[in-house]
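Nothing in this text is a laboratory measurement; each read-out follows from the coordinates by a stated rule. In this text the structure is predicted, and so the values were computed from the model without any measurement. Ideal geometry is used to build each Cβ from the backbone, glycine not excepted, and the neighbour counts take in all protein chains shown.
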Amino acid sequence: MKTLAKALTVLGLAAATAMPAHAEDPMVVNVSRLSADVANTIAVNTIKACREKGIPVSVTVVDRNGIVQVQMRDTIAPPVSLSISQKKAYTSVMFNVKGSGLEGRAKGPLTSIGEGLAFMAGSTPITAGGKLYGAVGVSGAPDGMDDEACAIEGFKSVADDLEMM
């Protein structure tokens, strides 16, 4: 009886190892995220970039899901600029493109569905090493391209370090 059990066990193991191996879908997904310190550095350096131009702005840094990580308003930036910067950042990360690249969609059907989208210049995705980390949105300058330039400068302040990750 013991011999039969051993034989069946050996046959079972042999059969299991003889079957072709199939890669299974992973049970978890590893997602790279910005730390709070890095998101804060981006926000601070974005405000500094606009201050150098004499422009008080608000900045929002969102994660890859569009959730706010950091939001700041320079001392005399218009209060409405906070919500606009958030919408710009959210839109940029959802489409993984700078806000200036989305302006053509402003007349499309997406603007009417009320999803907090802002198809205008003033944002940039945060990407490095082939990964999308989030986006930076800026509001307060008279021209969205000035907002976007500041967002890019804020991102550039950490871009090299992110590339090394």
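One residue alone among GLY66, GLY144, GLY154, GLY137 is over 18 Å from the mean Cα position of the chain (by Cα), within 20 Å of VAL44 (Cα to Cα) and of a type outside the set (A, V, I, L, M), and that residue is GLY144.
Selection of the range 21-48 for residues being free of Cβ contacts under 8 Å to residues at least 60 places away in the same chain and more than 25 Å from ASP147 (Cβ to Cβ) yields ALA21, HIS22, ALA23, GLU24, ASP25, PRO26, MET27, VAL28, VAL29, ASN30, VAL31.
Among the residues of the range 49-63, the one identified as part of a helix (DSSP H, G or I), surrounded by fewer than 24 Cβ atoms within 10 Å (Cβ to Cβ) and touching a residue at least 40 places away in the same chain (Cβ under 8 Å) is ALA49. Among the residues in the range 94-106, are any crowded, with 24+ Cβ neighbours inside 10 Å and under 27 Å from GLU163 (Cα atoms)? So far as the range 94-106 goes, yes, one or more of its residues are crowded, with 24+ Cβ neighbours inside 10 Å and under 27 Å from GLU163 (Cα atoms).
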